[in-house]
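First up is the structure itself, then whatever we jot down about it.
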Amino acid sequence: MTPSFTIQRIETGADRGELRLGGSLTLAEAGPLWEELRRLESSAARGQSLDFELSAVERIDGGAMALLACLRAELQRRGVRSEFVAAGERVQRVVHLYGGDARVARLRSRRPLGTFDQLGRATLAVLREVQLALAFLGQMTASGVALLRSPRSANWRELPATMERSGADAVPIVVLINFLVGLAMAFQASAQFRRYGANIYVADLIGISVSRELGPLMTAIVLCGRSGAAFTAELGFMRVNEEIDALRTMGLGPMRYLVLPRTLALVLVLPLLVLLADVAGVLGGLVVGVWNLDLTPRGYLNETIRAVSVWDVASGLVKSVVFALAIALIGCQQGLATTGGAEGVGRRTTAAVVTTLFTLILADAALTALFRLGGM
Amino acid sequence: MSFLELDGVSVAFGGHTVVAGLSFSLEAGRIGCLLGPSGCGKTTALRAIAGFERLAAGEVRLGGDRLGGPGVHLPPEQRRIGMVFQEHALFPHLTVAENVAFGLRGQEPPRRARRVSELLATIGLERQGGRYPHELSGGQQQRVALARALAPGPRLVLLDEPFASLDADLRERLSLEVRELLAAAGATAVLVTHDQHEAFAMADQVGVMREGRLVQWGRPYDLYHRPGSPFVADFVGQGVFVPGRVVGDGQVEIELGRLRAQAPAPCPRSGCEGGCRVSVLLRPDDVVHDEGAPLRARVVAKAFRGAEFLYTLETAGGSRLLSLVPSHHDHAVGESIGIRLDVDHVVAFHQPPGETAAGPDSRP
């Protein structure tokens with residue numbers, strides 16, 4: 001069966017062409033019409049022009065016109081100039097009805113944000129988080145003060161359990177990690193120290209760096225991953241499950257009931273863990289000293305005791321208290337800020353860990369600088 | 001003065017108003033309900049009463065105390081308002097008894113134990129006190145959540161879609177049970193739901209909300225039979241609108257005949273005396289099946305409801321009607337049956353349904 005429409009492609013000049021349409025264009029023959037159009041237009045490239053010449057069209061229905069208008073829009077998006085030309089009055093009305101004479105909006109590719117734009121947005125986001133954290137710290141302090149006035153109102157029952165989970169259960173991993181850190185440090189140092197025959201000073205290096213720096217920091221990082229993330233997930237789930245709201249309607253503020261016991265537990269437990277960490281780190285160094293640097297255990301320990309002052313250990317403990325506060329507060333704040341179901345809990349937990357790690361490193365650098373400047 | 005009073009309460013999130021100018025009041029010991037499609041702001045309104053959301057405008061008063069308003073925002077911890085949450089929000093690590101006892105902290109152990117066993121007996125779970133929430137059925141969890149909310153003797157109980165997570169059967173039974181429990185405790189309560197059956201079964205006063213606004217506040221009977229707008233008429237109960245014409249004082253004429261209102265309410269529009277076009281609400285119970293009636297209509301669809309059929313009928317003039325017919329009248333689709341109008345409450349709106357700001361033209 002021959003179709004009742006005709007199409008010809010005519011080149012009217014360099015880079016200029018026409019699709020000359022004629023006869024009756026209807027939806028019933030849309031299939032062959034579309035194939036034919038596709039075949040003829042496919043060679044048109046960017047910068048060229050390809051018009052639809054409609055002077056010989058006798059009849060066109062909406063379906064066929066919609067196809068043509070769609071094809072024209074596509075051509076224009078490809079950068080091919082294309083218009084409907086020479087249509088009779090009746091046909092032109094259909095062209096207009098289907099937007100065949102409308103301007104085609106350029107398909108906007110999503111432009112990536114500029115560097116400054118991104119930087120600005122990120123900065124604002126960080127500032128907002130900092131603002132939230134400070135507000136939370138303020139609330140926390142207020143309820144801490146209120147707690148001092150009426151100590152019975154807090155949820156003391158949860159304290160021992162939290163201390164056990166965050167403290168006692170963390171002992172193996174804390175000891176192992178700090179032992180290995182001491183060991184690795186001592187190995188790195190021993191190669192250098194042996195060259196000058198300063199073998200015994202490995203004990204000084206390990207003792208001081210572990211007690212002042214590495215012990216508190218490594219332990220805090222372990223606790224951030226174990227307890228901080230757990231706080232966020234626990235409180236986040238309670239938040240999503242409306243348990244926090246339920247607590248509040250029963251007269252229990254989440255600060256006093258959930259945040260304060262967790263914070264207190266970490267503040268009590270982290271310094272104790274740091275003391276263990278110090279010992280484990282020194283033992284790590286000792287193993288290398290005896291095995292690799294021909295030191296006696298007694299000699300190594302004596303040197304450690306001589307080199308490490310009480311303040312070295314105490315400054316590490318001061319740091320650990322600050323670290324504990326940061327871990328608990330960020331973990332709880334992120335948990336209470338959770339929205340959006342299980343997915344939200346996951347997002348907040350990730351955010352809590354990343355934010356806490358960043359804060360820990362920042363606080364460590366600041367405190368180290370402070371202690372050194374203060375001559376301590 | 002009413003016990004709970006909301007006066008022009010508005011709540012906005014980031015510049016977007018979710019609840020706008022909500023006002024209603026509730027007597028002590030009564031159960032109120034906010035009814036509306038999802039997203040109409042009813043849960044936000046409830047959370048504003050509880051104190052979880054701050055008011056952008058307006059005031060909430062309970063027993064004469066201002067809980068929230070300009071310059072006042074009492075946190076939820078200090079409002080003494082109990083709340084039952086949609087997913088119950090029971091504490092999973094505590095037993096049923098411990099959950100119920102939770103709000104009784106600070107009381108002496110013997111008194112606490114007595115109150116807990118009293119409440120567990122009321123909800124019929126005295127032997128399940130040692131179980132954990134996940135070991136209970138949905139309906140049992142629901143009752144525990146209610147007991148937990150009632151335990152501290154709150155001044156007001158809020159229920160947020162309390163039966164949404166239960167199956168239909170249980171919902172019906174439990175809503176009556178909960179109503180009895182609340183009545184036994186003498187509690188004033190506000191309930192939020194999108195289910196009118198639940199609202200009608202439980203509440204003394206129902207408010208229909210739409211897009212953050214309270215469209216109508218009244219007794220369930222009035223909402224059903226005297227809806228103030230086409231939206232309420234459409235949302236509460238089933239029914240269809242048929243075109244009609246006002247033919248005189250308190251009378252409208254529709255395709256099926258002339259309806260006369262017993263005690264017409266004044267029409268809020270003036271110049272509506274004669275010939276004015278209205279749309280008339282016909283409830284399924286307004287259209288009665290009567291074999292001997294001269295009026296005939298063709299059955300287009302039918303739904304079996306147990307005791308009755310809900311027939312969709314088409315009149316000769318092309319209007320569609322709904323009719324509730326006792327289920328021993330089992331007619332086939334396509335059959336023509338006799339109908340009679342038995343309209344007690346004539347509800348007519350000036351504009352066709354779907355447009356806002358219409359008032360009842362005449363009502364009993």
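The values are calculated or read from the model by the stated rules, or taken from the named source; none is laboratory data. Because the structure is a prediction, the values reported are computed rather than measured. All Cβ positions, glycine included, derive from the backbone under ideal geometry; neighbour counts span all protein chains shown. Calculation scope for accessible area: heavy atoms of the full protein, side chains included, ligands and nucleic acids excluded. Shrake-Rupley method; radii C 1.70, N 1.55, O 1.52, S 1.80 Å.
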Hey, can you grab everything whose amide H is under 5 Å from the amide H of residue B:30? Only 5+ residues off in sequence or another chain; H modelled, so Pro and N-termini drop out. B:189
If the chain between residue A:126 and residue A:104 were fully extended at 0.36 nm per residue, the gain over the current Cα-Cα distance would be 3.8 nm
Enumerate the whole-percent occupancy of each 10 Å bin, from 0 to the last occupied one, for all C-alpha pair distances of segment A:228-374. 11, 29, 26, 18, 11, 5, 0
Please compute the Kirkwood hydrodynamic radius of chain A from all pairs of different C-alpha atoms, in Å with one decimal. 27.1
Please give the calculated 222 nm ellipticity per residue for the protein assembly as shown, where each DSSP H segment of at least 4 residues contributes -39500 (n - 2.57) and the sum is spread over every residue; nearest 500 deg cm²/dmol? -14500 deg cm²/dmol
Inter-chain shielding of A:250-263 (mean C-beta neighbours from other protein chains, 10 Å cut-off): 3
Need the C-alpha centroid separation for segment A:114-145 versus segment A:269-289, integer Å. 35
Need one value for B:85-95: mean number of C-beta atoms belonging to other chains within 10 Å of its residues' C-beta atoms. 3
Whose amide H sits under 5 Å from the amide H of residue B:210, counting only residues 5 or more places off or on another chain, with H placed in the peptide plane? B:215
Kindly write out, for segment A:234-247 in residue order, the coupling ³J(HN,Hα) from the Karplus curve 6.51 cos²θ - 1.76 cosθ + 1.60 (θ = phi - 60°), rounded to whole Hz, with x marking Gly and Pro. 4, 5, x, 5, 4, 5, 4, 7, 6, 5, 5, 4, 4, 4
Comparing A:224, A:70, A:332, which has the greatest mean-square fluctuation in the GNM of chain A with Cα pairs linked when under 10 Å apart? A:70
So for A:348, B:245, what's the accessible-area order with a 1.4 Å probe, most first? B:245, A:348
Please report the spacing between the Cα centers of segment B:326-345 and segment A:297-343 in Å, no decimals. 80
Rounded to the nearest 0.05, what FRET efficiency is calculated for residue A:9 and residue A:92 with R0 set to 30 Å and r the Cβ-Cβ distance? 0.85
Which residues qualify? For residue B:67, with a placed amide H closer than 5 Å and at least 5 residues away or on another chain, they are B:60, B:61, B:62
Kirkwood Rh over alpha-carbon pairs of the protein assembly as shown plugged into Stokes-Einstein at 37 °C, 0.692 mPa s gives a D in µm²/s of 98
For chain B, modelled as a GNM with alpha-carbon contacts under 10 angstrom, which of B:78, B:140, B:128 fluctuates the most? B:78
Helix A:341-373: inclination vs chain A longest Cα principal axis, degrees, rounded to 10, gives 50
Taking θ as phi - 60°, what are the ³J(HN,Hα) couplings along segment A:35-41 by the Karplus curve (6.51, -1.76, 1.60), each to the nearest whole Hz, with x for Gly and Pro? 4, 5, 4, 4, 5, 6, 8
Please go through segment A:95-189 and write out the chymotrypsin sites (Phe, Trp or Tyr not before Pro) that DSSP classes as loop and that have at most 15 other C-beta atoms within 10 Å. A:156
Taking the Cβ of residue A:125 as the center, what net charge do the other residues with Cβ under 15 Å away carry, scoring Lys and Arg +1 and Asp and Glu -1? +2
Got a sec to turn the phi values of segment A:17-24 into Karplus ³J(HN,Hα) couplings, 6.51 cos²θ - 1.76 cosθ + 1.60 with θ = phi - 60°, whole Hz, x for Gly and Pro? x, 9, 9, 8, 9, x, x, 10
Can you give the net charge of the other residues whose Cβ lies under 14 Å from the Cβ of residue A:250, counting K and R as +1 and D and E as -1? +4
Would you mind counting up the charge near residue A:340? Only other residues with Cβ under 11 Å from its Cβ, with Lys and Arg at +1 and Asp and Glu at -1. +2
Of A:65, A:163, A:218, the one that fluctuates the most in a GNM where chain A has Cα springs shorter than 10 Å: A:65
